[in-house]
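The values are calculated or read from the model by the stated rules, or taken from the named source; none is laboratory data. If you're wondering where the values come from, they're calculated on a predicted model, not measured in any experiment. We place every Cβ from the backbone using ideal geometry, glycine too, and count neighbours over all the protein chains shown. Just so you know, the surface numbers come from the protein's heavy atoms only, side chains and all, with ligands and any DNA or RNA stripped out. Shrake-Rupley method; radii C 1.70, N 1.55, O 1.52, S 1.80 Å.
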Amino acid sequence: MATNTPMDIECPDAVKQWGNVNDWHHAIGTGPFILTDFVDGSSATFIRNTNYWAHDERYPQNQLPYLDGLKVLVIVDNATALAALRTGKIDIMDSLSLSQVQSVQKTNLKYYRYPFRLHPPRA
């Protein structure tokens, strides 16, 4: 199997109850955030999952995630996204071109190469 391949595992009980599990209102998961709003091609809004299983490796008494929530914006044009990053309207972006990476490296913005872990591995 290729890495970074999207996969869906459908809950049989959810399929039985709702039929069409493509509706985001019926999203089921155990991740660090809970989807609270979704606008196709525009944004996804999440809140902290207080029942998330993971804890910080360095501070095991701290339950993850640390963020109370996040909003993911879909900005198709990279130049527009980079401008939003530079002006502080967004905090993170991906899919930079080489020239954009070189441009970012000349500023006070931080550039990180993938892959990075969004959450720690299970113990």
Given (1) open to solvent by 90 Å² or more (accessible area, probe 1.4 Å); (2) in contact with a Leu (Cβ under 9 Å, 6 or more places away or on another chain); (3) free of Cβ contacts under 8 Å to residues at least 12 places away in the same chain, index of the condition ALA27 fails: (1)
ALA2 vs. criteria out of contact with any Lys or Arg (no Cβ under 8 Å at 6 or more places or on another chain), more than 28 Å from GLY88 (Cβ to Cβ), part of a loop (DSSP other than H, G, I, E, B) and modelled with pLDDT under 95: yes
Condition check for LYS89: touching a residue at least 24 places away in the same chain (Cβ under 8 Å), surrounded by 10 or more Cβ atoms within 10 Å (Cβ to Cβ) and under 20 Å from the mean Cα position of the chain (by Cα): no
Pair list, Cβ under 9 Å, 6 or more apart: region 47-74 residue among the aromatic types (Phe, Trp, Tyr), other residue part of a loop (DSSP other than H, G, I, E, B) and open to solvent by 80 Å² or more (accessible area, probe 1.4 Å): TYR52/THR30; TYR52/HIS119; TRP53/THR30; TRP53/ARG122
Region 24-46, residues that are closer than 28 Å to ALA81 by Cβ and part of a loop (DSSP other than H, G, I, E, B): ALA27, GLY29, GLY31, PRO32, ASP40, GLY41, SER42
Hits in region 52-86 - residues which are open to solvent by less than 40 Å² (accessible area, probe 1.4 Å) and assigned to a loop (DSSP other than H, G, I, E, B): TYR52, ALA54, ASP56, LEU64, PRO65
